[in-house]
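Asks: Here it is: the structure, laid out below.
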Amino acid sequence: MSTLTSLLNTKTKAGVTVRAAELKRDRDELIRFLSDNLAPAAHAARFDWLYLEGPCGPARAWMAVNEAGQTIGVAAAFPRDFRVGDSVKQAWVLGDFCIAREHRSLGPALSLQRSCLESLQNAICYDFPSQSMLPVYRRLGVPTLGQHVRYVKLLKADEAIMKFVRHRALANPLIQIGNWTLALRNMSQSMPDGITFSLHEEECGEEFDSIDSYSTSRHSVRGVRNARYLNWRYLRNPLRQYRLITARRGSELLGYAVVEVDGPYSLIADLRTIDQENTIPGLLAYTERLLREMGARNISTHLLENCCLVPYLRRAGFYPRESAPVVAFGRDETLSLPGIHDPGNWFLVAGDRES
């Protein structure tokens, strides 16, 4: 019997009961607890969108309750369709794990996440855990899949220079030179002939389904990105603002990038194409020009360390910064699917997480 299986059979810690939540009945309590203990933005609109309206079906949630009947912890899992080789499998991205401040010890966290994983043993599960969650996963025997690396490209030099030159009058000439140099580098990037890059102002249609089906990538494990998912995840997101940039040859859609815009900061959340060599450099260059016009100071993205997009990012001037672990879990027969245990086969971007 594996370490994980034996732990899953361990009884819940005395005094704490973990039960599956009923999303509609427990809606108000889940919203209250998540808002108080996870983030103020975990409001009703987010709950309905993320837990009830997802294109792959409703989420699942678990609640840890003390002897007095008070909620002391919540964990959730959100369904996703994943392409694994030539087939589509259901996967679950774990998220919204939180424990009330006065109960933040290993015991309640272990009981809650154990129940969550036990309920999901028949499917592929993955998570982007915080540092505080890593001991929980280690105790449960959940392996680390790999490292998710943040890549950053500076668009404006103001903050970087002000870190070293505190006096604004002295920093201004250096800032002007730095910003001019950064803009010049972007202007020097050539755009491929015959391909047009533009903002996509409408909801995604059937042509995006084709991109998902024929997307060229050496990664055999990747989330489905059909039109229904793209419209829900990005264009109808109640929390964040996204821009979708397309690459076309005539009327043919070759690929797209999805960018999250948050004031001076921006994030490439998704990028898919059927012609990487010709479209990715152009998508990155067009995205940079657009964000520079919008006043963004930098642009970042998150990729597994072996991702096929890394060479394109490095050539475009992105540099690796901090990294965080990704974990994956499933029954032995689930994880024995072709290449599922190899981090080099996974394509995971910022748009694959939900917490």
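Any read-out appearing in this document is the output of simple, stated calculations on the displayed coordinates, not a laboratory observation. None of these values were measured; they are calculated from a predicted model. Don't worry about glycine lacking a Cβ; one is built from the backbone with ideal geometry, like all the others, and counts go over all protein chains shown.
Asks: Quick one: if you stick a label point 7 Å off each Cα along the C-beta vector at Y265 and S323, how many nm between them?
Replies: With each label placed 7 Å out from Cα toward Cβ, I get 2.2 nm.
Asks: Using only the Cα atoms, what convex hull volume per residue in Å³ does segment 212-253 have? List each step's numbers first, then the result.
Replies: Working: hull volume 4.5 nm³, N = 42.
In segment 212-253, the Cα convex hull volume per residue is 106 Å³.
Asks: Can you work out the FRET efficiency for the pair V310 and A68, with r the C-beta to C-beta distance and R0 = 35 Å, to the nearest 0.05? Mind dumping the intermediate values first?
Replies: Working: r = 51 Å, r/R0 = 1.45.
Using R0 = 35 Å, I get an efficiency of 0.10.
Asks: Can I ask one more? So for the pair Y214, E202, with labels modelled 7 Å out along Cα→Cβ, what separation do we get in nm?
Replies: Roughly 2.0 nm, to one decimal.
Asks: Can you tell me the mean projection area, over all orientations, of the convex hull of segment 3-142's alpha carbons? Units nm², please.
Replies: Hull-based average projected area comes out at 8.8 nm².
Asks: Moving to a separate point now. Based on other C-beta atoms within 10 Å, arrange K24, K153 from fewest to most. Present the calculation step by step, with values, prior to reporting the outcome.
Replies: Values: K24 10, K153 22.
Least crowded to most crowded, the residues run K24, K153.
Asks: Right, next: Under a point spin-label approximation (7 Å from Cα along Cα-to-Cβ), what is the L52-D275 distance to one decimal in nm?
Replies: So the label points at L52 and D275 sit 4.4 nm apart.
Asks: Which length gain, in nm to one decimal place, applies between E102 and D86 when the Cα-Cα distance is subtracted from 0.36 nm times their residue separation?
Replies: Additional length available on full extension: 1.0 nm.
Asks: Please give the contour-minus-distance gain from D36 to S132: 0.36 nm per residue of separation, less the Cα-Cα distance, rounded to one decimal in nm.
Replies: 32.7 nm
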